[in-house]
Amino acid sequence: MLNVSSVLVTGANRGIGLELVRQLASLEPKISHIIATCRNPDAAKELKAIAKTSNNVHILKLEVTDYNSFDAFYAEVEKIVGSSGLDILINNAGIAIMTPLDEATPEEFMKNYEVNVIGPYVLARKLIPLIKVSQRKLYILMSSIAGSIECTSEILGGFPAYRASKAAINIITRTYADYIKKDGVTSVMLFPGWVKTELGGPHAILEADFAVSNMIKTISTLNAENNGCFIDYEGKTVPW
Ligand SMILES: NC(=O)c1ccc[n+]([C@@H]2O[C@H](COP(=O)([O-])OP(=O)(O)OC[C@H]3O[C@@H](n4cnc5c(N)ncnc54)[C@H](OP(=O)(O)O)[C@@H]3O)[C@@H](O)[C@H]2O)c1
């Protein structure tokens, strides 16, 4: 049971992020505040429909590469969660530029790096003061087996820009996990499985509702012993 007061999900207007908000909003006991971020709230029709029927869902605008907006964003989150802090941050927003090994451009590497590495890391650092005063103190980084060096042969294609970005955010998050455990924060890298979304594509093997319900079950079991782990939606260890 995910017994928490607040969860923040980035990239919540579609795909895994949207499904997370949909399922979190229907959980009992009710989560007091589900903060769902997206780049363009006006266009986020499905997310707005959830917020209309669930008064615990707050939609905030966030572009994860707009680092200068993070101070104002922090203030908005703090206003919502108050002195109880933020129980769970799910850094989910991401992109996958899937250009093959012999075609990936420097610009594609940089774009993947900005959105999947610098954005989530700087955002996590910004929000840590709110997480560390919460009850649950949990930081989830949506990673991918595509960033696993031990599993390179299990995924066809090269996709170096995407894979390098996920490997990079893994080492940064793993290192950061060691650093913030002094504040009681548990940090986990979570592979959602290969999920049918715009990013995962139509040939993916998991439906988003199945992957997300398993992820929520897994997240609810996490504790300090899992700090720095790389696991999948079912809680199984993903090799580095
Ligand atoms: N689907 C899979 O099979 C799979 C597998 C492994 C890992 N993952 C990871 O799971 C996470 C979610 O993936 P998904 O499949 O749900 O992808 P998706 O359907 O393509 O959704 C991506 C989300 O990220 C947002 N986003 C992209 N760039 C952003 C930026 N610069 N600032 C803020 N938000 C941004 C998108 O917003 P816009 O609509 O505004 O673009 C969208 O809400 C990603 O981190 C991905 O790497 C997915």
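The values are calculated or read from the model by the stated rules, or taken from the named source; none is laboratory data. Fair warning: this is a prediction, and the values are worked out from it, not measured in the lab. Note: ideal-geometry Cβ built from the backbone for every residue, glycine included; neighbour counts use all protein chains shown. Ligands, DNA and RNA are excluded from the accessible area calculation, which covers all protein heavy atoms including side chains. Shrake-Rupley method; radii C 1.70, N 1.55, O 1.52, S 1.80 Å.
Quick rundown of the values:
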{"quantity": "Selected residue (criterion: surrounded by the most Cβ atoms within 10 Å (Cβ to Cβ)) from residues of region 159-189 that are within 16 Å of the ligand (Cβ to nearest atom) and not in a helix (DSSP H, G or I)", "calculated": "Ser187"}
{"quantity": "Qualifying residue in region 95-111 (condition: touching a strand residue (DSSP E or B) at 6+ places or on another chain (Cβ under 9 Å) and open to solvent by less than 80 Å² (accessible area, probe 1.4 Å))", "calculated": "no"}
{"quantity": "Leading residue by the ranking (farthest from Thr186 (Cα to Cα)) among those in region 112-124 that are surrounded by fewer than 19 Cβ atoms within 10 Å (Cβ to Cβ) and among the aliphatic types (A, V, I, L, M)", "calculated": "Ile118"}
{"quantity": "Unmet criterion (only one of (1) among the aliphatic types (A, V, I, L, M); (2) within 15 Å of the ligand (Cβ to nearest atom); (3) surrounded by fewer than 16 Cβ atoms within 10 Å (Cβ to Cβ)) for Ala75", "calculated": "(2)"}
{"quantity": "Residue satisfying condition, being out of contact with any Leu (no Cβ under 6 Å at 6 or more places or on another chain) and open to solvent by less than 40 Å² (accessible area, probe 1.4 Å), within set Ile50, Ile88, Ile140, Ile131", "calculated": "Ile50"}
{"quantity": "Single match in Tyr113, Tyr139, Tyr121, Tyr74 (criterion: within 23 Å of Glu234 (Cα to Cα) and of a type in the set (Phe, Trp, Tyr))", "calculated": "Tyr139"}
{"quantity": "Residue match in region 23-31 (condition: open to solvent by 30 Å² or more (accessible area, probe 1.4 Å), modelled with pLDDT of 95 or more and within 13 Å of the ligand (Cβ to nearest atom))", "calculated": "no"}
{"quantity": "Residue in region 118-126 that is in a helix (DSSP H, G or I), charged (D, E, K, R), within 16 Å of the ligand (Cβ to nearest atom) and at pLDDT 95 or above present", "calculated": "yes"}
{"quantity": "Positions within region 32-46 being touching a Gly at 6+ places or on another chain (Cβ under 9 Å) and open to solvent by less than 20 Å² (accessible area, probe 1.4 Å), in sequence order", "calculated": "Ala36, Thr37, Cys38"}
{"quantity": "Matching residues, region 193-219, being open to solvent by 30 Å² or more (accessible area, probe 1.4 Å), in contact (Cβ under 8 Å) with a residue 60 or more places away in the chain and outside any loop (DSSP other than H, G, I, E, B)", "calculated": "Asp209, Ser213"}
{"quantity": "Residue, nearest to Trp240 (Cα to Cα), within region 140-155, restricted to residues that are within 14 Å of the ligand (Cβ to nearest atom) and not in a helix (DSSP H, G or I)", "calculated": "Ser148"}
